[in-house]
Amino acid sequence: MKLRHAAALALTGWYLMAPQVNLPSSKISDWVRLETDNSSSECKTHLAKMIKEADAAAAAEMNNTSTGFAISFHLAECIASDDPRLKGN
């Protein structure tokens, strides 16, 4: 790998993004950024934690808001900061 490619990869951040609760099928460029992480694995760790917490809240509260957030987190993704889908084309 060339040095400039390695440098570009090092500068790429990761966004933990989820669709809006009321627009689950919207484009990724319309999603909400929940976290910014330094690596894909760090982002995936945050995602797993958020899903676990949202599922627990939905089970405990049994209301539309907590259930909606749990669904949104299950649809969430870790997206590289340079992903072209973020540009909204």
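Quickly run through the range 75-89 and pick out the residues that are among the charged types (D, E, K, R) and either under 15 Å from Val32 (Cβ atoms) or under 13 Å from the mean Cα position of the chain (by Cα) (or both). Step through it out loud before you land on a result.
Quick first cut of the range 75-89, residues among the charged types (D, E, K, R) only: 77, 82-83, 85, 87.
Answer for the range 75-89, where residues must be among the charged types (D, E, K, R) and either under 15 Å from Val32 (Cβ atoms) or under 13 Å from the mean Cα position of the chain (by Cα) (or both): Glu77, Asp83, Arg85.
Got a sec? Which of Ala76, Ala70, Ala59, Ala80 is hydrophobic (A, V, I, L, M, F, W, C) and surrounded by fewer than 14 Cβ atoms within 10 Å (Cβ to Cβ)?
Working: Ala76 fails: surrounded by fewer than 14 Cβ atoms within 10 Å (Cβ to Cβ); Ala70 fails: surrounded by fewer than 14 Cβ atoms within 10 Å (Cβ to Cβ); Ala80 fails: surrounded by fewer than 14 Cβ atoms within 10 Å (Cβ to Cβ).
After applying the criteria, what remains is Ala59.
Restricting the range 38-89 to residues that are in contact with an Asp or Glu (Cβ under 8 Å, 6 or more places away or on another chain) and in contact (Cβ under 8 Å) with a residue 60 or more places away in the chain, which is farthest from Val21 (Cα to Cα)?
Gly88
Results for (1) in contact with a strand residue (DSSP E or B) (Cβ under 9 Å, 6 or more places away or on another chain); (2) at pLDDT below 90; (3) over 21 Å from Arg85 (Cα atoms), shown as yes or no for each residue.
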site	(1), (2), (3)
Ala6	no, yes, yes
Ala10	no, yes, no
Gln20	yes, yes, no
Arg33	yes, no, no
Asn38	yes, no, no
Thr45	yes, no, yes
Asp55	no, no, yes
Thr67	no, yes, yes
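Just checking, which of Thr36, Thr65 is part of a strand (DSSP E or B), exposed (fewer than 15 other Cβ atoms within 10 Å of the Cβ) and not aliphatic (A, V, I, L, M)? Before the answer, list the steps.
Details: Thr65 fails: part of a strand (DSSP E or B).
Residue meeting the stated conditions: Thr36.
The values are calculated or read from the model by the stated rules, or taken from the named source; none is laboratory data. All of these numbers come straight from a predicted model, not from anything done at the bench. FYI the Cβ positions are ideal-geometry reconstructions off the backbone, even for glycines, and counts take in every protein chain you see.
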